[in-house]
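Reading through the structure tokens given below for one structure.
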Amino acid sequence: MTRQSSFRAGLLLFPDLTQLDLTGPYEVLARLPDAEVHLIAGSAAPVKTEHGLTMLPSTTFADAPPLDLVCVPGGFGVNALLDHEETLVFLRRIAARARYVTSVCTGALVLGAAGLLRGKRATTHWASLEFLRAFGAEPVADRVVVDGAVITGAGVTAGIDMALRIVAELAGPRVAERIQLMIEYDPDPPFNAGSPRVAEPALTAELRAALAPRMEARAEAVRRAAERLEGRGPNA
């Protein structure tokens, strides 16, 4: 008889996701002793990320086991998920029994569209932070935000920080420190430009302008998703 792992995590896989949103926390959680980590998609077909890396799901929505943790990464593919009922239904079902409901970057918007952020403090990528209000969440410009079972990470690399915090809670700080040392997570960026708080205002304005067309499309997707969520009522 195969022994069941003591902790099961599942990370959502979908077209045009940002791969580091997923692979960052995956690398940490996969090193948690006695953990089992799944990549979950609507079907077993290969999934191509936003820059062309192809990943294979390990299970599907229909076959996924009960999870202790579910994580939704972000990326420009998030827009299509905001009204993808199969994905939203899956997240609501899994989240009802999960110990941790998590996201990285704009994956938080998908949690919001599923009705899982109402009344919660949450974070996401700085360019999409204010969109969280449409789903009844309170935007917080922190790297990791914990509100009960809901844990959200800010942009991309914050997924590593989020996962290390969860490991520390589950197995103790020493285990989290051991994993951090093993993956040599010792950030020392060559530039001090990783957040609008520290980047030159002109640089932030330049990037906002470059993102504007995509943000307009996202704003419309968020608006439609929020309207549908409102129609579902407070218990959606």
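Numbers at a glance
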quantity	calculated
Residue count, the range 90-114 (criterion: under 20 Å from Ala134 (Cβ atoms) and surrounded by fewer than 21 Cβ atoms within 10 Å (Cβ to Cβ))	2
Meets criteria (surrounded by fewer than 19 Cβ atoms within 10 Å (Cβ to Cβ), out of contact with any Pro (no Cβ under 7 Å at 6 or more places or on another chain) and at pLDDT 95 or above) for Leu69	no
Some residue of the range 189-203 being among the aromatic types (Phe, Trp, Tyr) and part of a helix (DSSP H, G or I)	no
Cβ pairs under 7 Å, 6+ apart, first in the range 174-189 and within 12 Å of Ile160 (Cβ to Cβ), second modelled with pLDDT of 95 or more and among the hydrophobic types (A, V, I, L, M, F, W, C)	Ala176/Leu164; Ala176/Val167; Ala176/Ala168; Ile179/Val28; Ile179/Leu164; Ile179/Val167; Gln180/Leu164; Tyr185/Ile160
Residue check, Ala176 crowded, with 18+ Cβ neighbours inside 10 Å and under 15 Å from the mean Cα position of the chain (by Cα)	no
Residue list for the range 25-70, filter: part of a loop (DSSP other than H, G, I, E, B), under 20 Å from Glu169 (Cα atoms) and free of Cβ contacts under 8 Å to residues at least 40 places away in the same chain	Ala30, Asp34
Test: Arg92 is part of a loop (DSSP other than H, G, I, E, B) and not hydroxyl-bearing (Ser, Thr, Tyr)	no
Complete set of residues in the range 110-149 that are under 14 Å from Gly74 (Cβ atoms) and in a strand (DSSP E or B)	Ala122
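The values are calculated or read from the model by the stated rules, or taken from the named source; none is laboratory data. Note that this is a predicted model, so its numbers are computed, not measured. Here the Cβ is made from the backbone with ideal geometry for all residues, glycine too, and neighbour counts use every protein chain on show.
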